[in-house]
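These notes concern the structure reproduced below.
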Amino acid sequence: MKEFPVMVNADSVHTKKYCYLIELTGDKQTELLAALTPSEEDLGDWERVYSAKLPTWRLWTNANADTVRFIVTHLIARYGLPQNDYWLIQYRGNDHGHPQMLHPQFHTR
């Protein structure tokens, strides 16, 4: 009987330096990804987090927190959303065991 080698790919799906969790504090469900400009789309890999209770997105990127905060603030303003508050949590790569809450210094209020 011939044995086949087991091919396991241990590479991470996302190779970006950071993963940001962006959670809007309001209860209005919206789709921020529809309002992304081409340069915002190029910032990294955006994905909606459907399991969250609040409107939440994940962004895999090499951008620093100031850049992400700037982008999110402008997305919210572009939508004219009544909620201008959000939580921004930064993870290093795929290590989701040690998040850095970018709050209060990165909170909009």
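General observations
Here's the yes/no breakdown for (1) at pLDDT 65 or above; (2) touching a strand residue (DSSP E or B) at 6+ places or on another chain (Cβ under 7 Å); (3) surrounded by 13 or more Cβ atoms within 10 Å (Cβ to Cβ):
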site: Tyr18; (1), (2), (3): yes, yes, yes
site: Leu24; (1), (2), (3): yes, yes, yes
site: Glu31; (1), (2), (3): yes, no, no
site: Thr37; (1), (2), (3): yes, no, no
site: Gly44; (1), (2), (3): yes, yes, yes
site: Ser51; (1), (2), (3): yes, no, no
site: Pro55; (1), (2), (3): yes, yes, yes
site: Leu59; (1), (2), (3): yes, yes, yes
site: Gln83; (1), (2), (3): no, yes, yes
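- Scanning region 20-69 for residues that are over 19 Å from Asp85 (Cβ atoms), among the β-branched types (Val, Ile, Thr) and under 14 Å from the mean Cα position of the chain (by Cα) yields a count of 2.
- Considering the conditions (1) modelled with pLDDT under 75; (2) of a type in the set (D, E, K, R); (3) out of contact with any Lys or Arg (no Cβ under 8 Å at 6 or more places or on another chain), Arg78 is excluded by exactly one of them, (1).
- Considering the conditions (1) hydrophobic (A, V, I, L, M, F, W, C); (2) part of a strand (DSSP E or B); (3) open to solvent by less than 30 Å² (accessible area, probe 1.4 Å), Val68 is excluded by exactly one of them, (2).
The values are calculated or read from the model by the stated rules, or taken from the named source; none is laboratory data. The shown structure was predicted, so the numbers you read here are calculated from the model rather than taken from an experiment. Cβ atoms come from the backbone with ideal geometry, glycine included; neighbour counts cover every protein chain shown. The area values use the complete protein model at the heavy-atom level, side chains included, leaving out ligands, DNA and RNA. Shrake-Rupley method; radii C 1.70, N 1.55, O 1.52, S 1.80 Å.
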